[in-house]
1. Would you work out if segment 56-209 is rounded, prolate or oblate? Take a ≥ b ≥ c from the square roots of the eigenvalues of the alpha-carbon gyration tensor; rounded if a/c is under 1.5, else prolate when a/b is larger than b/c, oblate otherwise.
2. How do the peptides 75-86, 107-118, 158-169 rank, highest first, by the average count of neighbouring beta carbon atoms within 10 Å per residue?
3. Might you report the magnitude of the Cβ-based charge dipole of segment 68-190 about its Cα centre, with Lys and Arg at +1 and Asp and Glu at -1, to the nearest 20 debye?
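Computed from the coordinates by the stated procedures, all read-outs in this text should not be read as laboratory data. Everything quoted here is computed from the prediction, not taken from an experiment. Virtual Cβ from ideal backbone geometry, glycine too; neighbours counted across all protein chains shown.
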Amino acid sequence: MSPRRTTAVLAALAVCLPLGGASVASASAEPREAKPTYASVTGSAEFVLPYYEDDDIRSFTFDAHAAPYSRPLPGIPTGLPTDARGTIKISHYSADQNTTYTSEGRVDCLVTGPHTATLTAVITEVGPGGPPDVGRRVGFSVYDGGKGRGQRSGDRVGFSWSGVNLLPNGDAEPEEAPVGTCMAPAPYAPVTKGGYKVTHAELPPVPGHSATVRRSTS
């Protein structure tokens, strides 16, 4: 083979070999199905009321996870995309009474956005001396702010009682309004100790309807 012919063949191989290698790699790679990621809110933290200064210690503990379309309702046999499971725990140390009041609840709804979440739970247990709240739905909001200045948590929480969910009634004293699923005020109370982790995921489509699975964010 002449030197000119040899050079031409080598040049052709140099071009073709990477393409051939890519073809083999593509053929061997199997497509992977994207696994859906569900939203969640976890963690425990103490917080203060910005509008009421006292020596009380208040804390919430959340272990809430989205469980879409798991709670059928009359007229909605599929359930809702905001259906959820998990638990909440409430603790309130009263300095005046030198007593800690506690309660627990079962999560029934969770919806998130980037760094934010709103969830509700139905109270299932109340500790000694607490209000008769078993069966009552309460709402919470969470802002996952990460670490602020001096490594202090930038998180915040909100909740549906203590004067933020009233139902005005003319000249009569306002009553506390019922709480629907996933309803809560903005997270207005700064966290002072501990923190929360919000994992955001888009609400999934109704079963039987196709949609692109989107990645979760924290």
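1. oblate
2. Final packing ranking: 107-118, 75-86, 158-169.
3. Its charge dipole is roughly 620 debye.
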